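K.L.:
Got a structure here, written out as structure tokens. Questions coming.
FYI, it's all coordinate maths here, none of it is from the lab. Note that the coordinates shown come from a computational prediction; the quantities given were computed from them, not determined experimentally. FYI the Cβ positions are ideal-geometry reconstructions off the backbone, even for glycines, and counts take in every protein chain you see.
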């Protein structure tokens, strides 16, 4: 009978750690201690540099046989002492040890990378048996890979403390490390005294910068209010800010961003109009980038530098007007909707390829969005709206074009985007993916049962999203229902209905305003039945899930479907209200505006249902999609409409349409002067006229329900 070779891990586990471990490794050990307590009900005993009695030994690599000989590598090895097997987790460097510990946690303790964000329970056991088969880490496809925690208003508003505290940032960085990431931009334009950058570095991550904040320096106008932000006029002021940032970070793990854009992430020539040709603009950007590179190299030995070819900078580079230093990684960006082409700027959408051409020398990388904010049709609170096959095709295409040294993923508020975040982490690890297989495995991690039905519903989400344009990536996120609705309301109330709204040309083209309204009405009316069908299917399946899975299914999926359904309904009612207004049917327009409010409020209700336990107030800082702002705009519109025929006493419509005929001519005004609220009046009129909101059928006799 052959001997059984396995390591037994239980509540008596002893972990040996090296002397003088670094802070990043200590954080990873703390995670493992916490994981052990969840799994076994007891923390493991930690011994320093004492391997003899240890069950698990954490070690720095001593020889090449213990793990692959490359940065970030780890290996699992097994040693037998006194008839007892122990497990060694050997790391080439700090990140190697960290990834080894987290892989041990994932593989054997079954702690999911998104355990915190998806509220995944930890399975408790009495012991785990680990076969004594050596494991070596796979070299990841992308060298520098991570998240840009951008437009993170939910994270900002979740807790009272600002800027966000360690309590908020720790689970973000932990999830990134568990996904194999090693780089982060920790937030957007947060106060420099916040903990975000320090904690990221403390946990072992490389920190990089927003392309509008080169070298991580203070914004010029924030440091020098009142001065003209012109490098030509004030080179010494700009360089003082850059030097200050370099000196502050020179001893840290930094991927230095070289760039030159104007204040507020706009082209610099908005402040320097003399740069009126591509040649002048490209020459200035090249000069500034060369100067930044020189300054970094003066203080940092072999710095890692990159340059974002974003927006106008990409176009100037493509045209040959920008020179990039040889050792600088060039970063190419998608358009915010997952396609590797230039982004839409207002109404201009040139869709120029955003990938290195054949023969382009040097290293290249990608800045990619699975969440975006552009005040047009982007997704911020809901999942990436295009099928995940688009992500696969575009990222793999970028890798094949030699843009695989760097991948920065716009991760938004983390919680709403777990599936695409997980998908990208697989791509940056292996370089390719089978989307169908990945989706099924992902859902089997999140839910206990009904995986085939869940896969069908997730697939359906990407099919139901509004196709607003001719390109495959022209798919609408939830901002479509809100920013465009507010633009329509503002244009209407400002008395501009006689001219088109130029801010809608990106979607509708140059057509009269009433046709712009009809364009949005048509898109939403065609899409709503599909979204409602998906919502019904979700509720049917939810009834078959365990209570625990029901809540997770709502938080991770149904809530997002409800945001689309409520947005679609609300936008339809708004558009109908405008068409009734143009027919001078003000009471009907008033009711339809009210129905729009009620529909959009369903979106707020969906937020509240997902704000339970630790998630209390998670969505209160919805300042970008901003459902409350849409409702605020509609409330102004509704009051305007009521002024068109129910003023000055706000009793006329009740008298005309609702008061019994026997009372109309004999009532005494001094006893009937308490006007109904907007909601009360709108609901009574809707019932009287059988005005059902979008998605509902009227079952009463409507043959006489006319004004």
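K.L.:
Run the paramagnetic zone check for residue 107: 7 angstrom along Cα to Cβ, then residues of segment 126-163 with backbone nitrogen under 18 Å.
P.N.:
It comes to 128-141, nothing else.
K.L.:
If you line up the long axis of helix 166-178 against the longest principal axis of the chain, both from Cα atoms, how many degrees apart are they, to the nearest 10?
P.N.:
60
K.L.:
Within 10 Å of each residue's Cβ, count the other Cβ atoms and sort 147, 492, 623 from fewest upward.
P.N.:
Neighbour counts put them in this order, fewest first: 623, 492, 147.
K.L.:
Taking square-rooted eigenvalues a ≥ b ≥ c of the alpha carbon gyration tensor, is segment 263-333 rounded, prolate or oblate, where a/c under 1.5 means rounded and, failing that, a/b exceeding b/c means prolate? Could you put the intermediate results ahead of the total?
P.N.:
Values: a/c = 1.95, a/b = 1.65, b/c = 1.18.
Judged from the Cα gyration tensor, segment 263-333 comes out prolate (a/c at least 1.5, a/b above b/c).
K.L.:
Could you list 295, 659, 383 in order of exposure, starting from the residue whose Cβ has the fewest other Cβ atoms within 10 Å?
P.N.:
Numbers: 295 18, 659 15, 383 24.
Fewest to most other Cβ atoms nearby, the residues stand as 659, 295, 383.
K.L.:
A follow-up question, please. Note the full-extension length gain between residue 252 and residue 350 as 0.36 nm times their separation in residues minus their Cα-Cα distance, in nm to one decimal.
P.N.:
Value of the extension gain: 31.4 nm.
K.L.:
Right, next: Residues of segment 369-388 with backbone nitrogen within less than 19 Å of a virtual label 7 Å along the Cα-to-Cβ line of residue 463, please, listed as ranges.
P.N.:
Taking a point 7 Å out along Cα→Cβ of residue 463, the residues of segment 369-388 whose backbone N falls under 19 Å are 383-388.
K.L.:
For the chain, give the share of DSSP beta bridges that are antiparallel, in percent and rounded to the nearest 5; count only bridges with both residues there.
P.N.:
Among the beta bridges of the chain, antiparallel pairing accounts for roughly 30 percent.
K.L.:
Given the Cα-Cα distance of residue 661 and residue 274 and 0.36 nm per residue of separation, how much length would full extension add, in nm? Working shown, then result.
P.N.:
Values: separation 387, 0.36 × 387 = 139.32 nm, distance 7.32 nm.
Fully extending the segment from residue 661 to residue 274 adds 132.0 nm.
K.L.:
Something else about it: If R0 is 45 Å, what FRET efficiency do you get for residue 502 and residue 544 from their C-beta distance, rounded to 0.05?
P.N.:
Calculated value: 0.35.
K.L.:
Two-decimal Rg/Rh of segment 291-420 from alpha-carbon positions, Kirkwood Rh? Mind showing how you got there, number by number?
P.N.:
On the way: Rg = 15.6 Å, Rh = 15.7 Å.
Rg/Rh for segment 291-420 comes to 0.99.
K.L.:
Measuring from a point 7 Å past the Cα of residue 244 along Cα-to-C-beta, which residues in segment 206-227 have an amide N at less than 13 Å?
P.N.:
216-225
K.L.:
Can you put 598, 653 in order of Cβ neighbours within 10 angstrom, beginning with the fewest? Show your work: numbers first, answer last.
P.N.:
Numbers: 598 19, 653 22.
The order, fewest Cβ neighbours first, is 598, 653.
K.L.:
Still on this structure: Shape call for the chain from the C-alpha gyration tensor, a ≥ b ≥ c root eigenvalues: rounded (a/c under 1.5), prolate (a/b greater than b/c) or oblate?
P.N.:
It comes out oblate by the Cα gyration axes.
K.L.:
Then there is this: So what does log10 I(q)/I(0) come out to for segment 333-408 at q = 0.11, 0.23 Å⁻¹, using the Debye formula with one equal point on every Cα and no solvent?
P.N.:
-0.28, -1.09
K.L.:
In nanometres, what is the gap between the two model label sites at residue 357 and residue 193, each 7 Å from Cα along Cα-to-Cβ?
P.N.:
5.0
K.L.:
How large are Rg and Dmax for segment 157-296 when only the alpha carbon atoms are used, in Å?
P.N.:
Over segment 157-296's Cα set, Rg and Dmax evaluate to 16.6, 49 Å.
K.L.:
Okay, moving on. Which of rounded, prolate or oblate describes segment 374-452 when judged by the alpha-carbon gyration tensor and an a/c cut-off of 1.5? Walk me through the numbers on the way to the answer.
P.N.:
Values: a/c = 1.92, a/b = 1.17, b/c = 1.65.
The shape class here is oblate.
K.L.:
So what's the angle, to the nearest 10 degrees on a 0 to 90 scale, between helix 388-400 and the longest Cα principal axis of the chain?
P.N.:
40
K.L.:
Can you work out the FRET efficiency for the pair residue 266 and residue 26, with r the C-beta to C-beta distance and R0 = 45 Å, to the nearest 0.05? Please report the intermediate quantities before stating the final value.
P.N.:
Values: r = 42 Å, r/R0 = 0.94.
For residue 266 and residue 26, the calculated efficiency is 0.60.
K.L.:
At 37 °C and 0.692 mPa s, grab the translational diffusion coefficient of segment 6-136 from Stokes-Einstein with a Kirkwood Rh over Cα pairs, rounded to a whole number in µm² per second.
P.N.:
It diffuses with D of about 222 µm²/s by this estimate.
K.L.:
Could you state the angle between the C-alpha long axis of helix 23-40 and the longest principal axis of the C-alpha atoms of the chain, as a value from 0 to 90 degrees rounded to the nearest 10?
P.N.:
Computed tilt is about 80 degrees.
K.L.:
Here's another thing I want to ask about it. Please give the FRET efficiency for residue 126 paired with residue 319, using the beta carbon to beta carbon distance and R0 = 56 Å, rounded to the nearest 0.05. Write out the running numbers ahead of the final one.
P.N.:
Values: r = 66 Å, r/R0 = 1.18.
Efficiency, from the Cβ-Cβ distance: 0.25.
K.L.:
Assuming 0.36 nm per residue, please report the length gained on full extension of the stretch residue 326 to residue 684 beyond their Cα-Cα distance.
P.N.:
Taking 0.36 nm per residue and subtracting the Cα distance, the gain is 121.8 nm.
K.L.:
As an exercise, take the mean of 1/r over every pair of distinct alpha carbons in segment 591-649, invert it, and state the Kirkwood radius in angstroms.
P.N.:
By the Kirkwood definition, the hydrodynamic radius is 13.0 Å.
K.L.:
Note down the relative contact order for the chain as a percent, whole number, built from C-alpha pairs under 8 angstrom at least six residues apart.
P.N.:
The normalised contact order for the chain reaches 10 percent.
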